[in-house]
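The values are calculated or read from the model by the stated rules, or taken from the named source; none is laboratory data. This structure is a prediction, so every number in the text was calculated from the model and none was measured. In this analysis, Cβ positions are derived from the backbone assuming ideal geometry, glycine residues included, and neighbour counts consider all displayed protein chains.
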Amino acid sequence: MNNELNKCQCGCSCGKKAVFLGATALVAAAIAFGACRFACCGCKTMVVDFERVQTEAAVYKAILDSQKGYEEKIKAQINLEAGKLDQEEKDLVAQKGKLSETDFKKKAAALQKKAMEFQRKYQFQMQQVLMASQVTANKVQPDVENVLNEVARKAGAGVVVSKAVTIYMGEKVDLTDRFVEALNGQVKPVEYPNPETIQPQQFMPRGQ
């Protein structure tokens, strides 16, 4: 993160950085996790509802919409091929009395292998879609971090945590609206890659 923007905003001389904890789902990939000592001379703690950010910020909505589109295509293919496998199974069962036990077992084993390959194929395709979403989120991560730093700095926050991990909060400490507004004004959606082009090595946490 930008060290200047991350300095403690409470005005103390402790030198602590503002940290952002507990982001979820795609937003988690775009917000750097950190540890907070909370012994920061009265640093102001504020919260962000990262689930709302994920559904209201255009940059994340675009990612989720693309992900959903690819998932629906894959599910349609799954249903089509699953129907064919079901029919093959029914046909094999219908032939059981006409085949020798050896031939029936061979055909049953071949069908089972085909079903397992079918399952592996579509599990991998679904994983590729998730990786494509993560790769896209990683691309916007630096800009999102800068925006959150800026919003936190202007609000005088020394620590920003996820609303999901808070027990009590007042309206004045919630930065969500300001964060979403700033994201929509400053961070534009980026191109979503074709999941088939995603390789495992691209799915690496930032900094590794």
- [ ] Working carefully through the options Glu71, Glu51, find the one that is out of contact with any Phe, Trp or Tyr (no Cβ under 8 Å at 6 or more places or on another chain), assigned to a helix (DSSP H, G or I), acidic (Asp, Glu) and modelled with pLDDT of 95 or more.
- [x] Glu71
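Please find, among Val159, Val190, Val180, the residue that is among the β-branched types (Val, Ile, Thr), in contact with a Cys (Cβ under 8 Å, 6 or more places away or on another chain) and outside the structural domain of Asp86 (by TED's automatic domain parsing).
Details: Val190 fails: in contact with a Cys (Cβ under 8 Å, 6 or more places away or on another chain); Val180 fails: in contact with a Cys (Cβ under 8 Å, 6 or more places away or on another chain).
Val159 is the lone residue from the list that is among the β-branched types (Val, Ile, Thr), in contact with a Cys (Cβ under 8 Å, 6 or more places away or on another chain) and outside the structural domain of Asp86 (by TED's automatic domain parsing).
For every residue, the table says whether it meets (1) loosely packed, with under 13 Cβ neighbours inside 10 Å; (2) on the phi < 0 side of the Ramachandran plot; (3) assigned by TED's automatic domain parsing to the domain that holds Pro195; (4) aliphatic (A, V, I, L, M).
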| position | (1), (2), (3), (4) |
| --- | --- |
| Ile78 | no, yes, no, yes |
| Lys84 | yes, yes, no, no |
| Asp91 | yes, yes, no, no |
| Ala94 | yes, yes, no, yes |
| Lys106 | yes, yes, no, no |
| Leu111 | no, yes, no, yes |
| Glu117 | yes, yes, no, no |
TODO: State all residues of the range 147-165 that are in a helix (DSSP H, G or I) and either crowded, with 21+ Cβ neighbours inside 10 Å or touching a residue at least 40 places away in the same chain (Cβ under 8 Å) (or both); if no residue qualifies, say none.
DONE: Val147, Leu148, Asn149, Glu150, Val151, Ala152, Arg153, Ala155, Lys163, Ala164, Val165
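Every residue, every condition in (1) over 30 Å from Glu81 (Cβ atoms); (2) of a type in the set (D, E, K, R); (3) buried (at least 16 other Cβ atoms within 10 Å of the Cβ), yes or no:
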| site | (1), (2), (3) |
| --- | --- |
| Gln125 | no, no, yes |
| Gln134 | no, no, yes |
| Glu145 | yes, yes, yes |
| Ile167 | yes, no, no |
| Phe179 | yes, no, yes |
